[in-house]
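Nothing in this text is a laboratory measurement; each read-out follows from the coordinates by a stated rule. Note that this is a predicted model, so its numbers are computed, not measured. Note: ideal-geometry Cβ built from the backbone for every residue, glycine included; neighbour counts use all protein chains shown.
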Amino acid sequence: MENFKFGERSAKNLKTAHKDIRKIMTEALKTSMVDFGISEGHRAVERQKKLFDQGKSRIDGINKKGKHNYKPSQAVDIYAYVPGSKNLAFDKVHLAYLGGHITATAKALFDAGKVSHELRWGGNWDGDGTLLFDQKLWDMPHFEIVT
């Protein structure tokens, strides 16, 4: 198994997140079979509004804060890094693997008392194990702490 570590940009983005998210993502990367990075942690209100205006978010950051809008951020977005690919991978196959791996890591850390929050994944918002099909919103790169 490869021993992945976060690159400079991912580490910087992860540093803006809640300590439980930092611990979960760091532990998940150590045991993942797919390399991944952190594309976003804290999100400024201006960026949130822009995403809302583009139809990429249901939250505008002004009338309602998103989990990314807190300091520290209560959410991160990830991407898979796939060797040989010219682009970062946001495909369902890699993100589904990572969603399961990261949420399993989070559960193990929570059950062991090493983090104080559970984690919710945007590919299985309701946590029932049925991915995507029963979700009203798909946000597979998104992970957030349950508060």
Residue 65: which lysines have alpha carbons under 23 Å from its alpha carbon, excluding same-chain residues fewer than 8 sequence positions away?
-> 12, 15, 19, 49, 50, 56, 136
Count neighbours as other Cβ atoms within 10 Å of each site's Cβ, and list the chymotrypsin sites (Phe, Trp or Tyr not before Pro) in the range 61-144 that are DSSP loop with at most 12 such neighbours.
-> 133
Value of [θ]222 nm, deg cm²/dmol, for the chain, DSSP H segments ≥ 4, -39500 (n - 2.57) each, nearest 500 | -10500 deg cm²/dmol
Fully extended contour minus Cα-Cα distance, from residue 3 to residue 30, at 0.36 nm per residue = 9.1 nm
Quick calc, residue 135 & residue 12: beta-carbon distance into FRET formula, R0 30 Å, rounding 0.05, result 0.50
Work out, step by step, the length gained on full extension between residue 82 and residue 114: first 0.36 nm times the residue separation, then minus their alpha carbon distance; give nm to one decimal.
-> 8.5 nm
Using the alpha-carbon centroid of each, what span in Å lies between the range 106-123 and the range 19-36?
-> 12 Å
Surrounding charge for residue 36, neighbours by C-beta under 12 angstrom, Lys/Arg +1, Asp/Glu -1, total -1
How about the range 51-147: which trypsin sites (Lys or Arg not before Pro) there are in a DSSP loop, with at most 10 other Cβ atoms within 10 Å of their Cβ?
-> 56, 86, 136
